[in-house]
Structure formats: C-alpha cells, structure tokens
Amino acid sequence: MSKHTSVPFHRRNSTAAAAAAGAVALIGAGLLFSDAFAADPAPAAKPVLPKANATFDYQIGAPYTPASGVKVISRDRSAKPAKGLYNICYVNAFQAQPDALSWWQKNHPGLILKDKNNHTVMDENWGEALLDTSTEAKRNELAAIVGRWIDGCAKSGFQAVEPDNLDSYERSKGLLTKTDNSAFAKLIVQKAHAKGLAIGQKNTAEMLSEHTKTGFDFAVAEECAEYNECGSYAKAYDNRVYVIEYEDDGFHKACSSWGKSLSIVQRDRDVTAPGSDDYTFRTC
C-alpha cells in the first residue's frame, strides 16, 4: 500500500479469500511452517526479469482479458496467469487480510502485532492487522507461511511476485522498524528466487537506497508521479518500474515525464474489470 494513498479494499477481496482458503488447505494437509526454505532446491534457471517500458496492466482487483499490446500484468495470487504475458503475482505479505484474521488468531497468534496493552495493531484504512516482523524467529515463521503462497504463484505459472505492504512499519506505532521489514523482505526475496521467480519492491521509496542489499529485481510503484518519486525508482531499477496512477493529473504527469522509459498505466482505484462503471485503463 502506498503511504500516500488509500489502496481500495476491493482490490484485496480476492486475496483475502485466497489467503483464508489457502491457509486452511495447508493445515488440512498437515504442513508445518518450521523452516521457510529447507525443502527448496536450487532453481533450474535464474529468474526472468520483466522488460522495461513494456505495456502494463494492473488487475489485482479482478482478472479480465488484457487489452491488445499488454505485455506485463499483475494479478492476485488466487487468479490464473494470462497466457503469453509476463505475469506478476500479488501477495499481501506484511499484513493479514480481514477475512483471514481469524485463521491467524487461531493458528499463529504470535505473528499478529500487539501493542503494550495486548491490542492488535491495525491498518485502520483497510481493517488489516499488521504482522509481526520484529524478531528473527517471527520473521522465519512468517516467511514459511508466505513462502507457501509464493510456491503457489510458481506452480500457477507466474514469473514474478509483488509482496504488498512493505511499509507496514510506518503504521506500527513504533513497534516495527524499517530494518525489521527489510530483514523479512530478504527472506521472501530468497524464497522467490529459489523458486525461479523475480520479485518486485512494492512502493516504499524510503527503502530504495537498500534495494541491492534486499535483492528486489524491479519495482511496482503506485502514484510515483503524483508524489515525485518515479525518478528514484527508475534510477534504482534501471527503468524496470511498473507505475499505477489513479488520478488524471498524476497519469498525465507520469506520461509526459516518464512515458518513454517506464511502464505506466492509469487504473480506477477499485481496479475493476470492464463492464464496471468505474473501470479505467489507459496507457501512455
């Protein structure tokens, strides 16, 4: 989620259901989460990175047939990849989906961030509980769970992963730090690479200075033109930046400044599908 703008809840509904269903399925299968990486062999090949300045569509709210010319697409992990395109798998890695909160409370209560009064720390905009990345043990336990989701992305045929809410520490009431989330990000980067997937930094321009150390391969940036951040992302990732603007002014600014080098799309804030009155899809 961008620190600058509220990400529409609708774009996460399918993820919430998938998270809850996936978690239950894993429990039913008797899978343990003690080690995030022990069972992963080395990938057969290095991850394939998305091409810079390729026409991009952001479909994490609802999948639909991509427009002609689209080459790179991001979809929720519960959706099927689009045939013949470069597919990025959306995963909410740093916060608990509202519909899955009861599963976290039952199975991994220690991974839900609590304040000094033992109250759950929430992202109030979207009713999402923050996940606790504050210790190595918790990061490893959490990485095992998210790692299973990444496994699912690979099995479904995605080429990359987009882990959301890297900036959750900014909503943690001081209980999490950028260092905590960076350390957790390294674990899921390792997991993605072990499965042969590329992995993108989602927002959080404040962490661009350490992108090489963390290991991200590209960036997905919401409203970077609106907030004058596109240049920083472009420099860090050699123009492998997939920009989503929601407002007309931001879109026009992005296209005029970065349309020849970055992948830019304008979507409606609810990232709806064609047929919706709110549906918006424009590229430079």
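For region 267-282, residues that are touching a Gly at 6+ places or on another chain (Cβ under 8 Å) and assigned to a strand (DSSP E or B) total 0.
Collect the residues in region 188-208 that are open to solvent by 30 Å² or more (accessible area, probe 1.4 Å) and not acidic (Asp, Glu), keeping them in residue-number order. Residues satisfying the conditions are Gln190, His193, Lys195. All conditions in (1) surrounded by fewer than 24 Cβ atoms within 10 Å (Cβ to Cβ); (2) among the aromatic types (Phe, Trp, Tyr); (3) over 26 Å from Glu128 (Cβ atoms) hold for Phe251, with the sole exception of (1). Scanning region 30-52 for residues being over 30 Å from Ala137 (Cβ atoms), surrounded by fewer than 19 Cβ atoms within 10 Å (Cβ to Cβ) and modelled with pLDDT of 95 or more gives a total of 4. Restricting attention to region 68-99, the residues that are over 21 Å from Ala185 (Cα atoms) and touching a helix residue (DSSP H, G or I) at 6+ places or on another chain (Cβ under 8 Å) add up to 6. Looking across region 81-117, the residues that are closer than 20 Å to Leu49 by Cβ, in contact (Cβ under 8 Å) with a residue 24 or more places away in the chain and open to solvent by 20 Å² or more (accessible area, probe 1.4 Å) come down to Pro81, Tyr86.
Residues of region 227-246 being outside any helix (DSSP H, G or I) and buried (at least 20 other Cβ atoms within 10 Å of the Cβ), which ones? Matches in region 227-246: Glu229, Tyr237, Arg240, Val241, Tyr242, Val243, Ile244, Glu245, Tyr246. Taken over region 150-182, the criterion of being outside any helix (DSSP H, G or I), in contact (Cβ under 8 Å) with a residue 60 or more places away in the chain and open to solvent by less than 50 Å² (accessible area, probe 1.4 Å) is satisfied by Gly157, Phe158, Ala160, Val161, Glu162, Pro163, Asp164, Asn165, Leu166, Asp167, Leu176.
The values are calculated or read from the model by the stated rules, or taken from the named source; none is laboratory data. Worth saying up front: this structure is predicted, and the values here are computed from it rather than measured. Methodologically, a virtual Cβ is constructed for each residue, glycine included, from the backbone with ideal geometry; neighbour enumeration extends over all protein chains shown. All accessible areas refer to the heavy atoms of the entire protein, side chains included, with ligands and DNA or RNA removed. Shrake-Rupley method; radii C 1.70, N 1.55, O 1.52, S 1.80 Å.
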